[in-house]
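Let me begin by presenting the structure, written as structure tokens, before commenting on it.
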Amino acid sequence: MTRDQAIDLARSLAVAQGGGYSAPAYLPRNVVQAEAFMPHEWVIGAIIAAFDAGQSKQAIVTEKAIEGMNRNADLGEAATQELRNIAEAKRFDRERFDDDTAFADWAQSRARHALRPNVGIEPPRSGRLE
């Protein structure tokens with residue numbers, strides 16, 4: 001935001017606030033008075049600082065969103081390749097499994113692993129959690 005934009009914004013808000021009976025006398029009462037009104041330096045600085053802070057926050061949010069999209073794209077590619085390998089069964093020997101259910105269980109576990117490569121598989125816990 002430029003300084004002139006901040007001044008224009010302050011002038012428009014001053015007119016909106018200056019129209020009431022309890023408004024300070026230095027605020028403009030209408031658009032004509034607002035053209036000659038010059039807001040305090042601290043008001044202009046505060047408007048610019050607030051705008052810059054919002055822009056910085058938006059940049060961080062955008063950067064994190066792009067990182068998330070890239071991470072999801074990488075996971076999608078890995079999962080697609082793993083599922084393609086399972087479907088084509090070029091690297092896997094189906095004769096190792098007792099039946100189709102055992103093969104399907106194995107294929108599902110491989111697919112889960114491809115979708116969540118950083119998650120370790122923990123054995124189920126028995127007993128009460130404390």
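Pairs linking a residue in the stretch 83-96 that is assigned to a helix (DSSP H, G or I) to a residue that is among the aromatic types (Phe, Trp, Tyr) and modelled with pLDDT of 70 or more, with Cβ atoms under 8 Å and 6 or more positions apart or on different chains, are ARG94/PHE103. Does ALA10 satisfy the condition of being touching a residue at least 12 places away in the same chain (Cβ under 8 Å), in a helix (DSSP H, G or I), touching a Leu at 6+ places or on another chain (Cβ under 6 Å) and among the small types (Gly, Ala, Ser)? So ALA10 does not fit the description; no.
Within the stretch 101-130, count every residue that is acidic (Asp, Glu) and modelled with pLDDT under 75. Explain how you work it out, then say what you get.
Initially, the stretch 101-130 is screened for residues acidic (Asp, Glu), giving 105, 122, 130.
Then drop every residue that is not modelled with pLDDT under 75, which leaves 122, 130.
Number satisfying all stated conditions: 2.
Listed by first and then second residue, the pairs linking a residue in the stretch 24-42 that is in a helix (DSSP H, G or I) to a residue that is among the aliphatic types (A, V, I, L, M), with Cβ atoms under 7 Å apart and 6 or more places separating them unless they lie on different chains, are VAL31/VAL15; ALA34/ALA14; ALA34/VAL15. Among the candidates ALA87, ALA79, the residue that is among the hydrophobic types (A, V, I, L, M, F, W, C), exposed (fewer than 10 other Cβ atoms within 10 Å of the Cβ) and at pLDDT below 75 is uniquely ALA87. Tallying residues that are surrounded by 10 or more Cβ atoms within 10 Å (Cβ to Cβ) and aromatic (Phe, Trp, Tyr) within the stretch 32-63 yields 2.
The values are calculated or read from the model by the stated rules, or taken from the named source; none is laboratory data. Every value quoted in this text rests on a predicted model; they were computed, and no experiment measured them. Note that each Cβ is placed from the backbone with ideal geometry, even for glycine, and that neighbours are counted across all protein chains shown.
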